[in-house]
């Protein structure tokens, strides 16, 4: 990301980044809806979720969700967490298989090219990764 001294990137403003005019020993911080929307919709974060999804799709199917959860949360997935995520992936896969234009639209976000393979599956896993990366636990890391 290009960082100018006189113009702070809008994404950084949402996350209370200090100005570069002076040293900041202690940053102020807040938790606002704009931050959640940025994490969910900013092209940088959508592209990051797509890259994570591509990384997971390179694994055997039985290891994908567990590894994705470990990457995002730093711990193993619990059985109560697995079922809703599996349902999300199945629902999103069904949706993107019946709406290939929507899958293509999602996969075009960002600068990097999507990996080869089934676009519907990559789009579905991208959505699942967006959920993982935007969860409270992943963001705050207690």
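Order of 122, 40 from fewest to most other C-beta atoms within 10 Å?
40, 122
When N is the residue count of the chain, what does its C-alpha Rg come to as a fraction of 2.2 N^0.38 Å?
Numbers: Rg = 17.1 Å, N = 142, 2.2 N^0.38 = 14.5 Å.
Dividing the Cα Rg of the chain by 2.2 N^0.38 Å gives 1.18.
What percent do you get for the relative contact order of the chain when only Cα pairs under 8 Å and 6+ apart count?
Reported relative contact order: 28 percent.
Just to confirm the number: angle between the C-alpha axis of helix 43-57 and the first principal axis of the chain, 0 to 90 degrees, nearest 10?
It is inclined by approximately 40 degrees.
Rounded to the nearest 10 degrees, what's the angle between the helix 64-73 long axis and the longest principal axis of the chain, both from Cα atoms, 0 to 90?
10
GNM on the chain, C-alpha springs below 10 Å: top fluctuator among 64, 75, 27?
Its mean-square fluctuation being the largest, the pick is 27.
For the chain, find the longest principal axis of its Cα atoms and tell me its angle to the long axis of helix 79-98, 0 to 90°, nearest 10.
Tilt relative to the chain: about 80 degrees.
Which whole-angstrom value gives the distance between the alpha carbon centres of the range 7-62 and the range 101-142?
Rounded to whole Å, the Cα centres lie 14 Å apart.
Every read-out reported here was derived from the displayed coordinates using simple, explicitly stated rules and does not represent laboratory data. Model, not experiment: these values are computed from the prediction. Cβ coordinates were reconstructed from backbone atoms using ideal geometry, including for glycine residues, and neighbour counts include every protein chain displayed.
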